[in-house]
Every structure is written in structure tokens, then in C-alpha cells.
Amino acid sequence: MSNWMQDLINPHLISLKPYESARRLFAGGNYFLNANESPFTNDYTMDESKFNRYPDCQPKAVIQGYANYAGIDTNQLIATRGADEGIELLIRTFCTPGEDNIVICPPTYGMYAISAETCNVGVTSVPLLEDFCLDVKALKQVDDANLVFICSPNNPTGTSVARTDLEAILAHFDRKALVVVDEAYIEFDDHESWATYLSTYTNLVVLRTLSKAFGLAGLRCGFTLANTDVIQCLMKVIAPYPVPEPVAQIAAQALSDSGITQLKTQINTIKKRRSELQAALSSIPDISIMGDAQANFVLFRCKDKDALMAYLVENGMLIRDQSKQLMLENCLRATVGSEQEQSLLISLITQFYQNGNTIK
Ligand SMILES: *Cc1c(COP(=O)(O)O)cnc(C)c1O
């Protein structure tokens with residue numbers, strides 16, 4: 001960076017690096033099992049007649065559709081450019097830069113810390129226990145947080161947070177901090193959503209997205225679910241037109257009755273394939289499954305991790321290296337894909353270990 005640029009940029013941003021999203025990390029590849037996307041693409045129609053007008057800030061059909069889907073009121077949610085924007089919006093709305101902190105529970109999704117850092121907000125880390133459960137005792141010792149981010153099912157451990165643990169945390173932070181439950185993968189979870197408990201807990205916030213189960217990662221549409229007070233605070237900060245008209249049209253179709261019926265079929269298919277992937281991987285002696293598989297991916301620890309990763313990349317198969325995360329040495333995460341992608345993944349991994357260390 002040139003000197004004058006170094007002087008001009010916000011000082012707290014100098015040491016930051018752009019987020020290494022799965023998409024940015026590899027330019028090539030033919031098979032993408034690295035970003036927990038859906039293998040399904042669905043058909044939508046488009047009405048161009050309103051493209052000359054600014055869209056509604058919160059398009060009615062989308063808000064009504066998602067409220068119905070989540071079983072909440074229309075004044076209990078806000079639509080954003082993906083759940084990622086929801087994370088940033090919460091931080092910008094509820095944390096004062098240079099003063100306040102958020103809590104994260106690693107190993108977990110990277111964007112909570114990244115968004116906090118870009119806003120010059122502190123990050124307090126309360127790692128998960130060895131079995132990837134929340135360290136409730138340690139969390140109850142935190143008393144200077146404004147937001148507590150809890151991912152359930154957690155990316156990348158695939159574990160779902162225990163109901164009693166979250167209840168204890170909501171009670172501890174009652175009237176002090178918002179507890180944000182990131183439910184990006186809730187559709188794949190065998191446990192129920194926290195969305196129906198919004199009226200029980202005034203400090204509960206739930207993040208949702210159309211990027212995973214709905215198969216619309218390219219759309220950039222997510223939702224923050226919370227009590228009306230919280231939503232009204234977020235409305236002060238959100239951009240005037242956060243949901244582009246084409247996004248609103250497609251989201252409304254995805255949330256229609258027929259869209260939801262199709263979604264349910266696709267979720268069932270993915271869950272079935274997830275068990276197949278889990279079974280295939282656990283039958284390989286050099287691999288051990290880690291955490292749980294309550295989302296649309298499987299996390300595993302493996303022998304010769306770097307060589308396996310290189311072999312997969314050579315064959316156009318991309319999965320995600322999670323080994324830099326706390327407690328996840330030699331761990332890789334594979335998304336449940338199409339039948340073809342998944343059988344290719346399994347046969348590549350099987351070949352790699354059958355040929356021993358001769359492939360390198
Ligand atoms: C993918 C993901 C998101 C982001 O979703 P977008 O709506 O695409 O921004 C949020 N949280 C977790 C845990 C995720 O894995």
C-alpha cells in the first residue's frame with residue numbers, strides 16, 4: 001500500500017486481510033463442495049416492468065412469505081443482503097467502535113469476527129468444549145458483551161446447540177446483551193428452530209438465509225428475526241434499498257407454497273445423501289468423522305490432509321480446509337452435493353488412501 005493510502009485508511013483496517021471465501025480461494029475446479037451451497041437449481045420467472053423504479057426497502061411479498069415460513073409476525077423480521085449483512089447490521093447498530101465487544105464461540109463461522117474487526121469492535125472468544133458443546137460456565141462469566149453469536153447448527157462442526165445451554169445463556173444476558181442464534185442451516189437440523197421463542201426471550205435474535213437449503217446463494221437474501229424493538233433499531237441503520245427488485249421477485253417465488261413444497265423435497269434428498277456421505281467416509285480407516293452432521297456438510301479429520309487436499313484439487317474437486325480453526329487440526333469439510341459430485345468425491349478419497357502415499 002502506498003504511504004499516503006496507509007495514512008488515509010482507518011488505522012484499525014491496516015492489518016486486516018480480505019475474507020478468504022471458498023469462492024475466492026480457488027479460481028479453478030469443476031466440483032464445488034466447499035461452500036455448503038445447494039446442488040439444486042430451480043426455475044424462476046422475472047417481470048422487468050418495474051426495473052426503472054427503486055424497490056421497496058422491505059418488499060411485502062418477501063417479508064410476508066418469510067414470516068409465514070418461519071411462523072412469526074411480519075414486524076419481527078428484516079430482509080438483508082444475505083445473513084452476512086444481518087451480522088454486520090447487528091454489530092453496527094448495537095456496538096460502539098473502540099468500546100464494545102461481541103462474543104464468539106470458536107471453532108465457528110468466520111464472519112462474526114471479521115465484521116466486528118472491520119467496525120473496530122472487540123471480539124471476546126469463548127471456545128467450545130472438547131465435544132463442541134458451548135462452554136456455558138465460561139459464557140456466564142462474560143459481562144461486557146453487546147452481542148453473543150451462537151451458530152446452530154454450527155459451521156463447521158455440524159453440531160446443534162443444546163436447548164438448556166442456550167436457555168441458560170439467554171437468561172444470563174437478559175437485558176444486557178442480544179444473543180444471536182445463526183440458523184443458516186436450520187432446515188437440515190433434526191432439532192427445532194429458536195424462531196418460535198422470540199416472544200419468550202426479548203434478547204433473542206435469529207439469523208436465517210436463502211443461501212443454503214433454498215439453493216439461492218447467488219441471490220444474496222437473508223433475514224434477521226427478532227422482537228419489534230430490535231427490528232426498529234436495525235431499520236435505522238439498514239440501506240434504503242437493500243433488496244434489489246429481481247431479488248425480491250425470486251425470493252417471493254421461492255417462498256410461495258409451491259416453492260416451499262419443492263424446498264422440503266430437496267431437504268429430504270440432501271439429508272439422505274448426507275447419511276450416505278457420512279457412512280462412506282466413516283468406513284475409511286484413515287478418516288474420522290468430527291462433530292455432528294446437522295447441517296448440509298460433513299466434517300472429518302484425516303491422515304495426510306495436505307496431500308489429500310492437493311489430490312482432490314488436481315481432480316477438480318474442491319472441499320474446504322478447516323484445519324486452521326481451533327481444535328480442528330487436519331480437518332476438512334465436505335458439502336453434501338449432487339449424486340454425481342458426491343460419488344466422485346467418495347471414489348477420489350477412497351483411491352487416495354488405497355494407493356497409500358504413492359500419490360503425492
Ligand atoms: C453461509 C453462512 C452464512 C451466510 O449466509 P448468506 O446469507 O449467504 O450471507 C451465515 N452464517 C453461517 C453459519 C453460514 O454458514
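Quick notes on this one:
- For segment 168-184, the count of residues that are modelled with pLDDT of 95 or more, near the ligand (Cβ under 10 Å from one of its atoms) and out of contact with any strand residue (DSSP E or B) (no Cβ under 6 Å at 6 or more places or on another chain) is zero.
- Sub-8 Å Cβ pairs linking a first residue in segment 221-243 that is under 13 Å from Thr93 (Cβ atoms) to a second residue that is assigned to a helix (DSSP H, G or I) and open to solvent by 30 Å² or more (accessible area, probe 1.4 Å), at least 6 apart or interchain, are Ile231/Asn75; Cys233/Thr93; Cys233/Phe94; Leu234/Thr93; Lys236/Thr93; Val237/Arg92; Val237/Thr93, ordered by first then second residue.
- Tally of residues being closer than 13 Å to Cys105 by Cβ and of a type in the set (Asp, Glu) across segment 132-177: 2
- Any chance Lys176 is within 17 Å of Thr124 (Cα to Cα) and in contact (Cβ under 8 Å) with a residue 24 or more places away in the chain: yes
- Among the residues of segment 133-178, those that are open to solvent by 30 Å² or more (accessible area, probe 1.4 Å) and in a loop (DSSP other than H, G, I, E, B) comprise Cys133, Asp135, Lys140, Gln141, Asp143, Asp144, Asn146, Ser160, Ala162, Asp174, Arg175, Lys176.
- Residues of segment 276-296 satisfying the condition of being touching a helix residue (DSSP H, G or I) at 6+ places or on another chain (Cβ under 8 Å) and either among the aromatic types (Phe, Trp, Tyr) or not in a helix (DSSP H, G or I) (or both): Ile284, Pro285, Asp286, Ile287, Ser288, Ile289, Ala293, Gln294, Ala295, Asn296
- Test result for Glu314, among the acidic types (Asp, Glu) and touching a residue at least 12 places away in the same chain (Cβ under 8 Å): no
- Segment 215-229, residues that are away from the ligand (no atom under 11 Å from the Cβ) and open to solvent by less than 10 Å² (accessible area, probe 1.4 Å): Leu225, Ala226
- Residues that are buried (at least 17 other Cβ atoms within 10 Å of the Cβ) and either without any contact (Cβ under 8 Å) to a residue 12 or more places away in the chain or within 12 Å of the ligand (Cβ to nearest atom) (or both) number at least 1 in the following strands (runs of 3 or more DSSP E) confined to segment 22-129: 77-80, 101-104.
- One residue stands out among those in segment 317-336 that are in contact with a strand residue (DSSP E or B) (Cβ under 6 Å, 6 or more places away or on another chain) and part of a loop (DSSP other than H, G, I, E, B): the one that is surrounded by the most Cβ atoms within 10 Å (Cβ to Cβ), which is Ile319.
The values are calculated or read from the model by the stated rules, or taken from the named source; none is laboratory data. Note that the structure is a prediction, hence the values are computed from the model and not measured. Glycine gets a Cβ as well: all are built from the backbone with ideal geometry, and neighbour counts include every protein chain shown. What goes into the accessible areas is simple: the full protein's heavy atoms, side chains included, and nothing from ligands, DNA or RNA. Shrake-Rupley method; radii C 1.70, N 1.55, O 1.52, S 1.80 Å.
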